[in-house]
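The structure appears below as structure tokens.
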Protein chains: 2
Amino acid sequence: MSTPRSDPPPVPATQALDAPAARLRGRPRKALDARDDGNRRQLIIQSAARLFRAQGFDATSTRDIAAAADMRSGSPFYHFESKNALLHAVVEEGLQRAVARQQQVLQQLPLQAPPQERLAALVRHHFEILFGADGDFIPVMLYEWRSLTPPQRASIARIKADYEAPWMPVLQALHAAGALKADPALARMFIMGALNWSVQWYRPEGRLSLDALAAQALDLFIGPPT
Amino acid sequence: MSTPRSDPPPVPATQALDAPAARLRGRPRKALDARDDGNRRQLIIQSAARLFRAQGFDATSTRDIAAAADMRSGSPFYHFESKNALLHAVVEEGLQRAVARQQQVLQQLPLQAPPQERLAALVRHHFEILFGADGDFIPVMLYEWRSLTPPQRASIARIKADYEAPWMPVLQALHAAGALKADPALARMFIMGALNWSVQWYRPEGRLSLDALAAQALDLFIGPPT
DNA sequence: CCTACCGATCGGTAGG
DNA sequence: CCTACCGATCGGTAGG
């Protein structure tokens, strides 16, 4: 009457032995598009990001992740050394994408764009990172920073600095122009905090659009556009 | 050679039986000030708050808490139904204290105090809550909201509403006076987010005082005092 | 990448 | 409030 100590068997548990003649009747194969690629690793990262965001790192078991990626419980460890290494991969990948996309956004601005317009683009893009299509990665970083090991944190902090760097000259220009009343370095911390905290209360499916959200944030920090 | 399955024995493990004559030579008594009060429960809450903040709710075992409160592993369950009930108690107690102290702060303001001064008091007090003497409770709420059960969240949300209520008339007055450029309801979310996020980066032992921190936040949101 | 499993830890409890 | 323990779960691994 005791609970089995090992993983539950796969769906069809008819023959236990892997007799050569039974090979083709074994466990159903994965869908073709999910096999033989090198993107099993990506699938794990994607699944982990979603679960880590929804439930938290500690509350997500590696078995949950394996199931979400359509694998058996031990298989994520073929791709990742540890659960922590997987968290690191999620955060690193999300942050690298964010840096790349932010650079694109900034390059698409007119060369002479005023700092107000630059800040608007940065803020709007930041909300996109938080709530857009693959918007699980950065919230995982925001929530689970504590779960990274110190060396992992150092590794992530370097990429994070790349993300934050472009904000400073913009805030300094706004401060010099009198549009920003606080010290630019502290303003950056407060502003990013205000934006990041929105993952706690903003719901993209609600009435308020991301554009309107960004406009209100800018109103608060530097007043309405002139 | 296997690890013991039960808790490690108390420091002196000489006699196993509780022979009446040996009563007075048993396990050392707790310090007098920690005994016979009804405040063992408070000690557990206090210890849990500190550990939950430092390590997170999931990463803190009830054994850690028991040890920090100078008890054996099962004893917290004499005072609390479950680990979750303990988390709820921590958050509830912290929030109730915050509401009470905030009311005091507001009552000490001059009756005719302008909204700028009122917001300054609210912001300054909020930082006090986050970084002051027993500053573990509210950060636990901010970090571990997800770990509360839905009924617990509803219970806490009611007290949270009491805490947040006094902010709205102040922000509305500032908006009407032209000092606050964003919609007051959204401004409240952004402002509290900016303040709350500071637990991620501000260190009270650093160069920046809480007063200076509050002044900078006010500069950002409504400009320098006139 | 799966099978079958280990060792550790954890929340919680019966009984005193 | 302690003792002694249970059942479940979890991260991770050897071997194929």
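Where in region B:33-100 are there helices (runs of 4 or more DSSP H), lying fully within it, with 3 or more residues that are loosely packed, with under 15 Cβ neighbours inside 10 Å? Full working, then the answer.
Values: elements: B:40-55, B:62-68, B:76-79.
Fully inside region B:33-100 and qualifying: B:40-55.
Looking for whichever is farther than 23 Å from A:Arg53 by Cβ and surrounded by 20 or more Cβ atoms within 10 Å (Cβ to Cβ) here; the options are A:Leu220, A:Leu213. Which one fits? Steps first, answer last, please.
Values: A:Leu213 fails: farther than 23 Å from A:Arg53 by Cβ.
Going through A:Leu220, A:Leu213 in turn, just one is farther than 23 Å from A:Arg53 by Cβ and surrounded by 20 or more Cβ atoms within 10 Å (Cβ to Cβ): A:Leu220.
Going by the conditions given, is A:Phe221 touching a residue at least 60 places away in the same chain (Cβ under 8 Å) and either within 10 Å of chain B (Cβ to nearest Cβ) or more than 26 Å from A:Gln96 (Cβ to Cβ) (or both)? Against the criterion (touching a residue at least 60 places away in the same chain (Cβ under 8 Å) and either within 10 Å of chain B (Cβ to nearest Cβ) or more than 26 Å from A:Gln96 (Cβ to Cβ) (or both)), A:Phe221 qualifies.
From the list A:Arg124, A:Arg146, the one residue that fits, being under 21 Å from A:Ser198 (Cα atoms), in contact (Cβ under 8 Å) with a residue 24 or more places away in the chain and charged (D, E, K, R), is A:Arg124. Condition test on B:Arg124, is it closer than 15 Å to B:Gln46 by Cβ, assigned to a helix (DSSP H, G or I) and not hydrophobic (A, V, I, L, M, F, W, C)? No; evaluated as a whole, the condition is false for this residue.
Looking only at region A:158-177, which residues are surrounded by 12 or more Cβ atoms within 10 Å (Cβ to Cβ) and closer than 19 Å to A:Ile138 by Cα? Talk me through it step by step, then tell me what you get.
So the first thing to find is which residues in region A:158-177 are surrounded by 12 or more Cβ atoms within 10 Å (Cβ to Cβ), and the list is A:159-160, A:162-164, A:166-175, A:177.
Across region A:158-177, the qualifying residues are A:Ile159, A:Lys160, A:Asp162, A:Tyr163, A:Glu164, A:Pro166, A:Trp167.
Note on region B:53-80: among residues that are in contact with a Leu (Cβ under 9 Å, 6 or more places away or on another chain) and within 14 Å of B:Asp136 (Cβ to Cβ), the one that is farthest from DNA strand C (Cβ to nearest atom) is B:Ala68.
With respect to B:Leu213, determine if the residue is under 20 Å from A:Gln200 (Cβ atoms) and either modelled with pLDDT of 95 or more or of a type outside the set (Asp, Glu) (or both). So B:Leu213 fails the test.
Looking across region A:170-202, the residues that are more than 12 Å from chain B (Cβ to nearest Cβ) and either touching a strand residue (DSSP E or B) at 6+ places or on another chain (Cβ under 6 Å) or without any contact (Cβ under 8 Å) to a residue 24 or more places away in the chain (or both) come down to A:Gln172, A:Ala176.
The values are calculated or read from the model by the stated rules, or taken from the named source; none is laboratory data. All figures in this text were calculated on a predicted structure; none of them were measured in a lab. Note: ideal-geometry Cβ built from the backbone for every residue, glycine included; neighbour counts use all protein chains shown.
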